[in-house]
Each structure stands twice: as C-alpha cells, then as structure tokens.
C-alpha cells in the first residue's frame, strides 16, 4: 500500500488540526446550526431555533457564542425595537462547507 | 453569493449522509482509533490500546466492535496461544481518509 501523509501523528494532542476541527464543529448541535445557517444564508435567532429541531435556548445561545468566538458565525444586532439579531457564516466557515459536502457524499455512498 | 449544493436538507433526519458519517466516526475515541490504525496499517489489540492514550478496555472493545459492524475495521484472529488479534482498516475506511486529511489541513490553516 502506498503510504499517504499521516492522518494524525498526534491526534491526542491539542495541536492536531483534525482534533481542533472536531472540537469546534463536532457534536450534533453545532453541525446542525452550521448546516441551517449555510442553507438560509442569513437567519434570525428565533427562526434558527425553530429550524434546529429540538435544541434548547441555552444550548443554542451557548453554541452560537462559541461559534462566534471561533470565527465561524457572524452576529449582527440591529438597534430596533424589539431588537433584531441576525446570524450568518463567516468566510472561514464557508470554506469548510465543500469539505463537509464531500463527507456527506461519502456517507451517502458508503453507509446505506 | 453563488449557491452550492445544500449541505444538509435534513440533517436532523437519519437519512442525512453527513449525520451518518458523524455518527460512525464522530466522537473522540473512534477518530483516534481510525487515525492510529491508519498510521500503523495493521495493529494488535494491546498496541492499539497503548497508542490510543487514555482509552479504557471497555471503550476500546466497544468502539472496535461498532467500527467492525459499520464496515470500517477488519478484525483477524490467529489461532495461536496466546490468541493474537490484529486490526486494520477496510477499503471503505481507507476511502474516507483523504477527506479527513482535508479537514485536518483546513484546521491547521484556519484554527491557530
């Protein structure tokens, strides 16, 4: 077998790129949030909550805050009454979408 | 923005390919197991346990059983005394490695 680049020399270490990716988008909710915002483009908090079926307010608010801190989600607050808050993906988050699409296709082909 | 193929129309549903992939390799241990077997090619149970740092016997045995059932891991038992058991990746598992490598590179470039 021809040997490819090592998938992970130190996946147990904090420096592994793959582990860092799974840390920031792994888990059921964050990947769902990313998928919904990707599909909608820009979305308000309430609509996001309705579309990420089953998520609690705490979980959604915490996940969005972490994704904002990780530079994946942009949050824009409009000074209206009532306050309107909209979320969209950053360029960085958009650049991971094609790789996730490949994973999705792999799943569709290989996991019947 | 040009609209790409939808990342996930129904990620909350069991039919979503991306969700199925995350179900079978998501989580800290399975991805570490996959990485170690990928790097070693063929590996005995005891050595795998040593290299997946911090995993318990129960967790390793259960994860390997599930990965075998999901068609990701091949288990070969040699009838020697003491019994020797070796694990390697299936063709299917090997075909996901290049996509995981892309994710890893993305992480290295985008998550400093």
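Considering (1) part of a helix (DSSP H, G or I); (2) within 10 Å of chain A (Cβ to nearest Cβ), the lone condition that residue B:55 does not fulfil carries the number (1).
Here residue B:71 meets the list (1) at negative phi; (2) touching a helix residue (DSSP H, G or I) at 6+ places or on another chain (Cβ under 9 Å); (3) not in a helix (DSSP H, G or I) almost entirely, failing just condition (1).
Kindly indicate whether residue A:95 is in a strand (DSSP E or B), within 12 Å of chain B (Cβ to nearest Cβ), closer than 23 Å to residue B:18 by Cα and within 12 Å of the chain's Cα centre (by Cα). Walk me through how you get there before you give the answer.
Numbers: in a strand (DSSP E or B): no; within 12 Å of chain B (Cβ to nearest Cβ): yes; closer than 23 Å to residue B:18 by Cα: yes; within 12 Å of the chain's Cα centre (by Cα): yes.
Judged against the criteria, residue A:95 is not a match.
Among the criteria (1) over 27 Å from residue A:107 (Cα atoms); (2) surrounded by 14 or more Cβ atoms within 10 Å (Cβ to Cβ), the one residue B:79 does not fulfil is (2).
Residue-by-condition table, conditions (1) in contact (Cβ under 8 Å) with a residue 12 or more places away in the chain; (2) within 8 Å of chain B (Cβ to nearest Cβ):
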residue	(1), (2)
A:39	no, yes
A:43	yes, no
A:59	yes, no
A:69	no, no
A:76	yes, no
A:83	no, no
A:87	yes, no
A:101	no, yes
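Take the residues in segment B:1-37 that are more than 10 Å from chain A (Cβ to nearest Cβ) and modelled with pLDDT under 85, then tell me which one is farthest from the chain's Cα centre (by Cα). Within segment B:1-37, the match that is farthest from the chain's Cα centre (by Cα) is B:2. Of all residues in segment A:38-52, exactly one satisfies the criterion of being farther than 17 Å from residue A:98 by Cα, under 14 Å from the mean Cα position of the chain (by Cα) and in a helix (DSSP H, G or I), namely A:48.
The values are calculated or read from the model by the stated rules, or taken from the named source; none is laboratory data. In this text the structure is predicted, and so the values were computed from the model without any measurement. All Cβ positions, glycine included, derive from the backbone under ideal geometry; neighbour counts span all protein chains shown.
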